[in-house]
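Reading through the structure tokens given below for one structure.
Every number here is computed from the coordinates shown, using simple stated rules; none is lab data. Keep in mind that this is a model prediction, so the values were computed, not measured. Methodologically, a virtual Cβ is constructed for each residue, glycine included, from the backbone with ideal geometry; neighbour enumeration extends over all protein chains shown.
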Amino acid sequence: MWRPSGLFHVNYSQEIAFVQTPFQWVMLVLGLFVTFALPLFIPLDALNFFIKAFITITAVLGLTLLTGNCGQISLGHTAFMAVGAFVGAPLLNQGVPLILCLIMAGLAGGIVGLIFGLPALRIKGFYLAFATLAAFYVIRFILIHYFGGVVGHNVPPPSILGFSFNSDFRIYYLIASTCFAMTYFTKNITRCKWGRAFIAIRDHDIAANTLGVNVYFYKLMAFFIGCFYAGVAGLVLSIYMGWASVDHYSLTNCIWYLGMIIVGGMHSISGAYLGVFFILGIEEMGIVIAPKLAELFPQLAGSMIGAVPIIFVGLVLVLFIMIEPRGLVHRWEIIKTSIRIFPFSN
């Protein structure tokens, strides 16, 4: 991380601090203030957009650790979200405290992810992607036929210390707090021994094994942690929807989640945030433009509404893969460096 001349660490506590510069403190406090004051000034549609974004960020953070940091491609992320929802929803119905339900949902997603992560011990890349894709359909089949996935489960409004999250306004604060807590955990995981092991495996697993990294253990732990995040995100999504159903966890979203970390930057927490807001913004733009295009092409109006957002997002993904494969975070770093060394930048 770049610092002004003369500003450096003098002890280990400063080196491992979560926030390391005054500017970071200002940005953190300002960001939290804006986030928690936002519902007071925006309409319901915008509030729902931010709720959806924070749920998605929670899931994508897990994928950032699994795919971005450890290099294990997963095409079944939403299936593990469904597992978390189908474990947490019945517990909420039985009056189990919300915090415990979130932990149990995460553990359920993590354990199932651990099982389906076993192929990662022998295969990787394209073959692992197809193994996780198969996991998506296996989990979906099991949930539909043995856990009432078609009908689903009612999810009552949860409460903490008598405070009930029974409106979108209140649910926003629950989901934003959950997202920030998971962001904090992600930041610390990437800076600890496990995070360094993940990166070593991603860069070259054979070299990592030669240096003493237990590749099998850390690959499985990457699946467990990534799917733990998915389980938590799945439960908070079902809380927001008021219902847990397999229809909320589609294969399309699995692809979109991978696209989000590509657009934002695969190896970065900031990339997860940027990618989610960028892709969801493009999707919303497509939803707004679709009716206008349907008026221009009435013969295609029936398919235009649903197809336009997907086409827009698909085009954005293709452009980023071709032009900026390292994502928005990398482009932002280039801009910052150019500003810092101006007028000596090219």
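Quick notes
- Added length on full extension, which subtracts the Cα-Cα distance from 0.36 nm per residue, residue 284 to residue 111: 58.9 nm
- For residue 124, the lysines whose Cα comes closer than 28 Å to its Cα, not counting residues fewer than 8 places off in the same chain, are 187, 193, 219.
- Of the residues 273, 12, the one with the fewest other Cβ atoms within 10 Å heads the list, and the complete ranking is 12, 273.
- Table column - 3J(HN,Hα) (Hz), segment 14-27, Karplus curve with 6.51, -1.76, 1.60, x for Gly and Pro: 5, 5, 9, 4, 5, 10, 10, 9, x, 4, 5, 4, 4, 5
- Computed over segment 44-249: relative contact order in percent, which uses C-alpha pairs under 8 Å that are six or more apart: 46 percent
- The residue among 41, 58, 237 whose Cα reaches farthest toward the positive pole of the charge dipole of the chain, with charges on the beta-carbon of Lys, Arg, Asp and Glu, is 58.
- Couplings 3J(HN,Hα) of segment 75-91, computed from phi: 10, x, 4, 5, 5, 6, 5, 4, 4, x, 5, 6, 8, x, 4, x, 5 Hz, in residue order, whole Hz [Karplus 6.51 cos²θ - 1.76 cosθ + 1.60, θ = phi - 60°; x for Gly and Pro].
- Stretching the chain fully between residue 210 and residue 9 yields a gain of 69.2 nm (0.36 nm per residue, less the alpha carbon separation).
- Extension gain for the segment residue 100 to residue 167, taken as residue separation times 0.36 nm less the Cα-Cα distance, is 22.0 nm to one decimal.
- As a rough footprinting exposure proxy, the listed residues 15, 283 were ranked by other beta carbons within 10 Å of their own, and the order from fewest upward is 15, 283.
- Charge dipole magnitude, Cβ of K and R +1, D and E -1 - the chain, Cα centre, debye nearest 20: 780 debye
- Order of 140, 326, 191 - criterion: other Cβ atoms within 10 Å of each residue's Cβ, fewest first: 191, 326, 140
- Each Cα pair under 8 Å and six or more residues apart adds its sequence gap; the mean of these over the residue count of the chain is a relative contact order of 26 percent.
- Positive end of the dipole of segment 251-346 (Cβ unit charges, origin at the Cα centre): among 328, 297, 313, the Cα lying farthest that way belongs to 328.
- Across segment 235-346, the relative contact order, built from alpha-carbon pairs under 8 Å that are at least six residues apart, equals 26 percent.
- MRE, 222 nm, helices only [DSSP H, n ≥ 4, -39500 (n - 2.57), over the chain, to nearest 500]: -24500 deg cm²/dmol
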